1. Based on the mean of other beta carbon atoms within 10 Å per residue, what is the order of 246-256, 99-109, 8-18, most packed first?
2. What GluC sites (Glu not before Pro) does the stretch 204-236 have in DSSP loop regions with at most 12 other beta carbons within 10 Å?
3. Along each of its three principal axes, how wide is the spread of alpha-carbon positions in the chain, in whole angstrom units, largest first?
4. Residues of the stretch 24-68 with the amide nitrogen closer than 18 Å to a label point 7 Å from the Cα of Ile96, along Cα-to-Cβ, please.
5. Quick one, could you list the DSSP H helices from the chain stretching 30 Å or more along their long axis (Cα atoms) with average Kyte-Doolittle hydropathy of -0.5 or above?
6. Considering lysine pairs in the chain that are 8 or more places apart or on different chains, how many have Cα atoms under 25 Å apart?
7. Quick one: what does P(r) look like for the stretch 221-289 with 5 Å bins over all Cα pairs, in whole %?
8. In a shell of Cβ-Cβ distance under 14 Å around Glu255, excluding Glu255 itself, what net charge do Lys and Arg (+1) and Asp and Glu (-1) give?
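Every number here is computed from the coordinates shown, using simple stated rules; none is lab data. Small disclaimer: the values here were computed from a predicted structure and weren't measured. Counting neighbours? That spans all protein chains shown, and the Cβs are built from the backbone with ideal geometry, glycine included.
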Amino acid sequence: MNIDKTYTVDHIIRPKETIESSSYQLFCGGKGLNQSVALARAGAVVYHAGMVGSDGQMLTDMLMESGVHTDLIRVADEPTGHALIQIDPAGQNCIIISGGANRCITPDYIREALSSFEKGDVLLLQNEISANGSAIDMAREKGMMIVLNPSPYDGRLAECDFGKVDLFMVNEVEGRLMAGCESEDPDVIKTCLREKYPAAAFVLTLGEGGAVWFDASEEYRQPIFKVKAVDTTAAGDTFCGYFLAGLAQGLSVPECLKRASAASAISVSRQGAAPSIPDKDEVDRFLVR
Ligand code: RIB
């Protein structure tokens, strides 16, 4: 959960430059928060676990207002995580995060947070928090379905046993790093991921190239819905939340991909992270149009 300090700039800053932003806004964000908001707005039942500092009430409030259960959230002695985000005229971003309270998550806290969950429940993780390895191990012992968005992709993921993950939600860069292949060709990345993780399913998002779901034997593709990009922050999180909500609601994979792609398109057409995520009625109307 992050407070997003968002600056609109005429270009992403270069080394040795000082530039002035044309606007500055604070948004609720953080990959975990955005994904929980997307899940809830898509109609799923969501319990968000995580930590904020004493300055993070706005994040808990925003989750609650979006219909997410917040009783598992704890207040840590560190400041709330935050992100410094630059948005250029094409809506592309550049993000630095400072973990703060997000890095105070311990195996003991995870044990407590998971205590009421069981087989049939789904654990969704991303890599802005600490102790993901323990979360995966404990959820696996309970027989929960485990979904990992390995973002940001960094050395801390080494503590995670990827063999215990059921579904990975990755972009091209994360997919290539997981696959350990040189090629940037999505088909080569897909082949490497299938060979390396034959028991897992993947959703690989390809920017303008849309998205592909695949497991060891099947695949489905989804093109993007073209919109004018204002701010791409949280587009991937929106996709992730909507896709997973669809699966939980028993939709087919192609239907999940279509709804996730539509929700993500709506989110890039407006500013901010969590505030840009549409609810399911808006996605329905968009798909009719
Ligand atoms: O995925 C988008 C998110 O990344 C932003 O909300 C920011 O907080 C960073 O965590």
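1. On the way: 246-256: 16.5, 99-109: 18.9, 8-18: 10.2.
Final packing ranking: 99-109, 246-256, 8-18.
2. Numbers: sites: Glu208, Glu218, Glu219; in loops: Glu218.
Sites meeting the loop and neighbour criteria: Glu218.
3. Dimensions of the chain along the principal axes of its Cα atoms: 49, 42, 41 Å.
4. So the set is 24-27, 30.
5. Working: long enough: none.
Result, helices passing both filters: zero.
6. So the count works out to 24.
7. Here the calculated profile for the stretch 221-289 is 3, 21, 29, 28, 14, 4, 0.
8. Values: positive: Arg221, Lys258, Arg259, Lys280; negative: Asp284.
Summing Lys and Arg as +1 and Asp and Glu as -1 gives +3.
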